[in-house]
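Right, one structure below, let's go through it.
The values are calculated or read from the model by the stated rules, or taken from the named source; none is laboratory data. The structure displayed is predicted, hence computed values, not measured ones. Here Cβ is always computed from backbone atoms with ideal geometry, including for glycine, and neighbour counts include all displayed protein chains. What goes into the accessible areas is simple: the full protein's heavy atoms, side chains included, and nothing from ligands, DNA or RNA. Shrake-Rupley method; radii C 1.70, N 1.55, O 1.52, S 1.80 Å.
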Amino acid sequence: EGVKAGIPAVVAAISTPDDKMAAGSLIYTAGNAGNDVSLQRRGINMMIESGRVPADKQGQYFYNSGQLAYQEDDLATARSRFQEALDAGYSQAELETTIAALYFQDDMIAEGLAYLKTVIDAAVANTQ
């Protein structure tokens, strides 16, 4: 609780993108230590928003952010972050299927099917 109580002061002291990256890292680490998904999510999103995540790590950060959003039942944000991970070249997971499943889980059947059709059409176009 001591670290968590100090977070507002840390956030208030942010004045540069580097500060935001460092503060996000601190908050993310505190969330990990305390098994606090909300805190982890806040920290990783601050790091992403700072613009200081190295280009070769952005996909991983988006993916982790999506996983944390999913754990908090924020399906729309999870879908968005997983798509950002794909767009950043992250390929360590079956994200297209996960994104479609999140549409279905959110009772957005038409959107999920449309998304799958787009994925399939792109795969077919890439094989020709």
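Some observations on this one:
- Checking each residue in region 64-75 for being among the hydroxyl-bearing types (S, T, Y) and open to solvent by less than 40 Å² (accessible area, probe 1.4 Å) picks out only S65.
- The set of residues in region 32-50 that are hydrophobic (A, V, I, L, M, F, W, C) and touching an Asp or Glu at 6+ places or on another chain (Cβ under 7 Å) contains only V37.
- Residue ID - farthest from Q40 (Cα to Cα), chosen from residues in region 81-114 that are open to solvent by 60 Å² or more (accessible area, probe 1.4 Å) and small (G, A, S): A110
- Scanning region 20-36 for residues that are without any contact (Cβ under 8 Å) to a residue 12 or more places away in the chain and touching a Ser or Thr at 6+ places or on another chain (Cβ under 9 Å) yields one hit, A22.
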